[in-house]
Amino acid sequence: MALDTDFVRAQFPAFAEPSLQGQAFFENAGGSYTCRQVIDRLTRFYTQRKVQPYASYDASRLGGEEMDEARVRMAALLGVEKDELSFGPSTTQNTYVLAQAVRKWMQPGEAIVVTDQDHEANSGPWRRLAEDGIEIREWRIDPETGHLDPEQLENLLDEKVRLVCFPHCSNVVAEINPVTEITAIAHAAGAFVCVDGVSYAPHGFPDVGALGPDIYLFSSYKTYGPHQGCMVIRRALGELLPNQGHYFNGDTLYKRFTPAGPDHAQIAACAGMADYVDALCDHHGGPVEGAAARGAFVHDLMREQEVALLQPLLDAVKDRNSVRLLGPDRAELRAPTVALSLDRPAQPVAAELAQHGIMADGGDFYAVRPLAGMGVDPARGVFRMSFTHYTSKAEIDQLIEALDHVL
Ligand SMILES: Cc1ncc(COP(=O)(O)O)c(C=O)c1O
């Protein structure tokens, strides 16, 4: 069963918005369009339930119930327990808070593994623990391909390593890392694992329970939802790390690492992401039972559509003289986030492409370390095109034609 793109696009008001007509959106890795299920819930919350939640009067009770619904349904979709998912302001803030907890938990002389493939959000906060005597070991990418080799991780591990941090896929290299394999290697050495899933989750929510990491992070403003940072912390680690919230909330796992007051409306609206997955699952005749199984069905539908659209784009850019494609040139190995290093600064190229109705950008995308690790000048930056399952074949054709003009 192939993805019904017309049905998909009908779920996104942006595609019917007059001011966006004729423009093809290729900056999805920066933030996706929002599905109507989320917009409807946000609107309802702001108009009917915008009160302090969890009191017994109707507006408040319904608001609190909707926030709980979001956590319970998204946790089920991700294959974890309902109190193993929490919502913070952003992934960057979530890793910052986690790093404060880890700072207290680890002893000087112990070690953390970080990569130079990560967005800075899953790198800098961990590296700063060096200030407290934590040893930082860097798992480095191949300077040509940007590939992270799991075998090299094994050489970095010993009994001092407590945590291994890496991306599910980088926001510029885009190669999909084998999370289960890497997690098994780290666990065998006695280390916990923290995965940045921000660049992966928009391409289908993963079954985090089956994948196996101890922490899995993503940002819902890139998964068709509101601007939140979603954080899975499995119980074993979550109960080990010291509480970073109010002392009287420390017994509630989903409150331990989100000290900011929750954004009630946005958390409630996160249930709209589960509605959207349900709508896709039902429309395409997916399984009736089991949230994670339904999520996996939708994940595979999205992935298949994206891989089919991605290969022609990769083929159109990979052999151009003036272009260096970052990451693999085979669609099945990567997310549809395509960064090109050019013979000139990337931002003016993006501006030229905008004249052809292409919404995309150039820059470092806070992936300064991966770019430097691959010998790309971050100041010159890369031109990045990123799409998702809702992108049409016509938009890919428009992009390829525009690239022909500009590159
Ligand atoms: C791969 C990756 N990780 C982390 C982040 C940071 O997420 P947030 O904006 O929620 O802090 C981003 C943001 O672009 C990202 O692309």
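Rule-based calculations on the coordinates, nothing more; no lab input. Quick caveat: nothing in here was measured; it's all calculated off a predicted structure. Glycine gets a Cβ as well: all are built from the backbone with ideal geometry, and neighbour counts include every protein chain shown.
Would you kindly derive the ³J(HN,Hα) couplings of segment 372-383 from the backbone phi angles with the Karplus curve 6.51 cos²θ - 1.76 cosθ + 1.60 (θ = phi - 60°), listing them in order in whole Hz, with x for Gly and Pro?
4, x, 9, x, 9, 5, x, 5, 6, x, 10, 8
Kirkwood hydrodynamic radius of the chain from all distinct Cα pairs, in Å?
For the chain, the Kirkwood estimate is 21.8 Å.
Report, as a whole number in µm² per second, the diffusion coefficient that Stokes-Einstein gives for segment 169-243 at 20 °C and 1.002 mPa s using the Kirkwood radius over alpha carbon pairs.
Answer, rounded: 164 µm²/s.
Residue by residue through segment 136-141, what is 3J(HN,Hα) from phi via Karplus (6.51 cos²θ - 1.76 cosθ + 1.60, θ = phi - 60°)? Round to whole Hz and write x for glycine and proline.
Along segment 136-141, the couplings run 9, 10, 9, 8, 9, 6 Hz.
Hand me the GluC sites (Glu not before Pro) from segment 81-153 located in a DSSP loop with no more than 12 other Cβ atoms within 10 Å, in residue order please.
E144
How high is the relative contact order of the chain? Use alpha-carbon pairs under 8 Å, at least six apart in sequence, and give a whole percent.
24
State the antiparallel share, in %, of DSSP beta bridges confined to segment 42-274, rounding to the nearest 5.
About 40 percent, rounded to the nearest 5.
Please compute one quarter of the surface area of the Cα convex hull for segment 74-177 and express it in square nanometres.
That works out to 7.7 nm².
Long-range amide H contacts for S32: which residues qualify at under 5 Å (H placed 1.01 Å from N, peptide plane, sequence gap of 5 or more or a different chain)?
For S32, whose amide H was placed from the backbone, the distant partners under 5 Å are K222, T223, Y224.
Scan around I134 for amide H atoms under 5 Å from its own, H built in the peptide plane at 1.01 Å from N, and keep only partners 5 or more places away or cross-chain.
Distant-sequence amide H within range of I134: G109.
Once you put a point 7 Å from the Cα of H405 and another 7 Å from the Cα of E289, both along the Cβ direction, what distance in nm separates them?
5.5
Kirkwood Rh over alpha-carbon pairs of segment 42-274, then Stokes-Einstein at 4 °C and 1.567 mPa s: what D in µm² s⁻¹, rounded to an integer?
Diffusion coefficient, whole number: 72 µm²/s.
Looking at the chain, what % of its DSSP beta bridges pair antiparallel, to the nearest 5?
50
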